[in-house]
1. Which residue pairs have Cβ atoms under 7 Å apart, sit 6 or more places apart or on different chains, and have a first residue in region 388-416 that is part of a helix (DSSP H, G or I) and a second that is of a type in the set (Ser, Thr, Tyr)?
2. Could you tell me which of the residues 129, 108 is in a helix (DSSP H, G or I) and farther than 22 Å from residue 217 by Cα?
3. With region 239-335 as the region, which strands (runs of 3 or more DSSP E) entirely inside it contain at least 1 residues that are more than 28 Å from the chain's Cα centre (by Cα)?
4. With the condition kept exactly as written, say whether any residue in region 171-182 is aliphatic (A, V, I, L, M) and within 25 Å of residue 94 (Cβ to Cβ).
5. Just to verify a result, which residue in region 336-358, among those that are aliphatic (A, V, I, L, M) and part of a loop (DSSP other than H, G, I, E, B), is modelled with the highest pLDDT?
6. All but one of (1) assigned to a helix (DSSP H, G or I); (2) assigned by TED's automatic domain parsing to the domain that holds residue 202 hold for residue 142, so report the exception by its number.
7. Looking at 291, 320, 343 in this structure, which one is free of Cβ contacts under 8 Å to residues at least 12 places away in the same chain, under 26 Å from residue 227 (Cβ atoms) and not aromatic (Phe, Trp, Tyr)?
8. Touching an Asp or Glu at 6+ places or on another chain (Cβ under 8 Å) and among the acidic types (Asp, Glu): is that true of residue 225 in this structure?
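The values are calculated or read from the model by the stated rules, or taken from the named source; none is laboratory data. The structure presented is a predicted model; accordingly, all values stated were derived computationally and were not measured. Here the Cβ positions follow ideal geometry from the backbone for every residue, glycine too, while neighbour counts run over all protein chains shown.
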Amino acid sequence: MKLIAIVTLKVKQGHLPDLINFTVKYDCTCNLIVLAKTEKKWESYTLELSYTNISKLNQFFEETIKKDDFFREIEITRTLEEDLKGGQLVISGKHTIDTINDLKSKIISGNKIIHEKIDNNEERTYSGIYNTTAIIGGINLNDNDYRKKIHHNYADSERDSIIVNRFSGLNSIPLTVQFNSTDDFGKSVKSIEQNFRCLRFHGINNDYSISNLYEIFDIPVIVKENDELPVFFLTIILKLTRTLKMKKDQTSIGIVGLNTCSFRLTRLLYKCGYMKILGTDDNDNSMMNFEKEKGLATTAENVLLNTDIVIIMRDYLNEENYKYFSTGQIVIQCNDISILSDEELRKRGVREIIKTDESDSTLFLPGLICGIIQSNFSHFDDTKLIKLSDALSKILTDSYEFPDFFSNIHDRISNFISKL
């Protein structure tokens with residue numbers, strides 16, 4: 001994650017190279033240097049720095065302060081951080097309101113027109129409900145530090161709301177809902193579903209009963225962990241087996257770190273013809289739920305020694321596990337996995353390392369929402385997800401990359417869904 005900081009300071013003449021050396025020392029990249037003013041032996045500069053580690057930027061700041069013989073009046077503004085205060089989302093209307101006349105003629109009068117249209121049975125055209133989705137993060141009250149997770153999940157809801165609006169044109173509202181069980185969560189959301197055209201849930205991990213949610217609501221429902229992520233991984237696996245001419249019934253899949261996504265993915269893989277799916281986790285309930293989907297729960301050692309494709313879902317392995325990776329194996333590595341070294345994996349003969357990013361699965365979201373709304377599906381059953389994954393695998397590049405956000409990927413996904 002690359003961030004930008006603006007630095008203003010005075011530099012003693014002849015010591016600009018020292019300043020640049022400090023930026024390099026603390027992993028900052030100097031994008032721009034502007035000399036603003038020169039007076040006597042001092043020069044005033046403005047620098048634009050790129051950085052990825054806030055602590056390194058702070059060390060740069062502290063180092064330059066100590067060198068007050070050469071650097072003075074140092075100020076750092078983290079431009080993105082300043083913009084992010086109060087969150088990423090700004091709610092605004094369609095009309096510009098600069099005067100009282102704007103308010104009366106556009107907003108107040110417009111509101112009256114909408115009421116008239118509703119009375120004339122034109123609510124599907126004029127009510128904002130039919131153009132609005134909810135992005136809802138689940139907060140399990142049994143989790144440790146659940147109060148902090150409220151803010152984390154809301155931030156993710158904001159991010160996804162912005163993406164949905166930008167690439168689908170739909171209004172998207174971020175929410176979080178606290179719950180003790182999946183049924184509890186469903187009942188809470190049920191009371192507000194009439195405000196939306198579609199519901200998309202996220203943050204509901206390690207819950208085997210999540211499929212019950214689909215039966216509760218009268219409008220379309222998408223669950224990130226049960227729909228988007230399984231489609232994402234299944235798409236990559238289908239592409240791999242097709243490209244490498246691997247036979248499904250002879251290809252073994254390993255999953256390290258079992259969660260909601262793993263359970264649905266295992267069921268989809270089995271229905272696609274992958275007969276040998278091994279999984280491991282340190283949670284006994286997750287292991288049992290995995291076996292309900294025809295997966296074989298075992299140790300990390302067995303998973304790594306006996307599978308052709310390994311999906312690392314979370315930080316579950318340690319350095320001792322490196323020795324179990326096999327020659328010719330393919331590793332799919334999920335977000336924020338830090339224990340796995342590419343160099344060590346290559347030494348073990350790993351054939352391919354495919355790394356995923358948070359934006360990879362989010363790429364599907366605008367198209368999924370538009371597609372499910374236009375097709376009047378209540379949810380995506382297994383057959384639909386398998387057919388969608390197969391279609392998506394054919395647009396995946398040979399380096400296992402999807403088209404980017406600014407391509408026609410969203411319309412293509414929506415069109416794929418309309419043909420299911």
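1. Correct list of pairs: 389/235; 392/235; 393/235; 410/168.
2. After applying the criteria, what remains is 108.
3. Passing ranges, in order: 276-280.
4. Taking every residue of region 171-182 in turn, at least one turns out to be aliphatic (A, V, I, L, M) and within 25 Å of residue 94 (Cβ to Cβ).
5. Result: 350.
6. (1)
7. Sole residue among the options that is free of Cβ contacts under 8 Å to residues at least 12 places away in the same chain, under 26 Å from residue 227 (Cβ atoms) and not aromatic (Phe, Trp, Tyr): 291.
8. Criteria not met by residue 225.
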